[in-house]
Amino acid sequence: AIDNNGNKLFKNRVTHLVSLNWDERHTLQRELYELVTDYVSKTYNKASRNRKKNMCLIFLLIIMQRMVTSSTAAVRQSLERRLLALKTQSTHLGNLTAELDIEDGVEEALEAISLDMEAEIAELELIISVAKQAEFQHPDVKVEHLTNTIDVLQSEDSSQKIIIFTEFVAT
């Protein structure tokens, strides 16, 4: 992007692809990922039998799978909101929407009708429990790498600014 005089509006940016792997410190993060993936897969397969009727639920499941790869906090908060919506059998989250800063488009999906209410509630409670434990076990593998990268950048030039973009507010 350039201005009217042909000058660059932004400084050059440097990007690096980073491969991250779980190790023994991240066992609960791996378990959380597997539980969410299993939940998403099973529920998606049920919901896809009637795609038109279950589009909100399908949308929610896709978002949850993306959240679990974003951060433990993001997926935990989303799962907790889904659980609350199921337990109260709410059709509208009403005033909770403002309090929770729900991602665009997710609030309607959180209210999607469950295909098996009791089973889904039990599964969500288990997954949320693992998510909470994972948050205390060790920082997310991405956070660890990010903080190390920031430390290196700051040691090279403590005056430089760093901007971090995330897809989800909770991340």
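The values are calculated or read from the model by the stated rules, or taken from the named source; none is laboratory data. The structure displayed is predicted, hence computed values, not measured ones. Every residue, glycine among them, receives a Cβ derived from its backbone with ideal geometry; neighbour counts consider all protein chains shown. Each accessible area value is taken on the protein alone, full model and side chains, heavy atoms only, with ligands, DNA and RNA left out. Shrake-Rupley method; radii C 1.70, N 1.55, O 1.52, S 1.80 Å.
Using a 1.4 Å probe, what is the accessible area per residue for the chain, in Å²?
Accessible surface, normalised per residue, equals 66 Å².
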Ordering Val141, Val36, Val18 by how much accessible area each has at a 1.4 Å probe, largest first, what is the list?
-> Val18, Val141, Val36
Is segment 1-52 best put as rounded, prolate or oblate by its Cα gyration tensor, with a ≥ b ≥ c the root eigenvalues, rounded for a/c under 1.5, and otherwise prolate when a/b is larger than b/c, oblate when not?
-> oblate
For the chain, what % of the accessible area comes from carbon and sulfur atoms, probe 1.4 Å?
-> 53 percent
Could you compute the FRET efficiency for Asp3 and Thr37, with r as their C-beta to C-beta distance and R0 at 41 Å, rounded to 0.05?
-> 0.35
Per the Cα gyration tensor, the chain corresponds to an equivalent ellipsoid with semi-axes, largest first in Å, of 35, 22, 15
Gain in length, Arg49 to Leu115, computed as 0.36 nm per residue apart minus the alpha-carbon separation, to one decimal in nm?
-> 22.7 nm
So for the chain, taking the charge dipole from beta-carbon charges (+1 Lys/Arg, -1 Asp/Glu), which of Asn54, Ala122, Ser71 sits furthest toward the positive end?
-> Asn54
Give the peptides 64-70, 52-58 in descending order of average Cβ contacts within 10 Å, highest first.
-> 64-70, 52-58
Just give me a number: lysine pairs in the chain, eight or more positions apart or cross-chain, with C-alpha atoms less than 29 Å apart.
-> 15
Ordering Val143, Val169, Val75 by how much accessible area each has at a 1.4 Å probe, largest first, what is the list?
-> Val169, Val143, Val75
Taking chymotrypsin sites (Phe, Trp or Tyr not before Pro) that fall in a DSSP loop and have at most 11 other Cβ atoms within 10 Å as cut points, what is the longest piece of the chain between them?
-> 11-164
Between Ile163 and Asn21, how many nm apart are label points set 7 Å from Cα along the C-beta direction?
-> 3.4 nm
Trypsin sites (Lys or Arg not before Pro) within segment 113-171, DSSP loop, no more than 14 other Cβ atoms inside 10 Å | Lys161
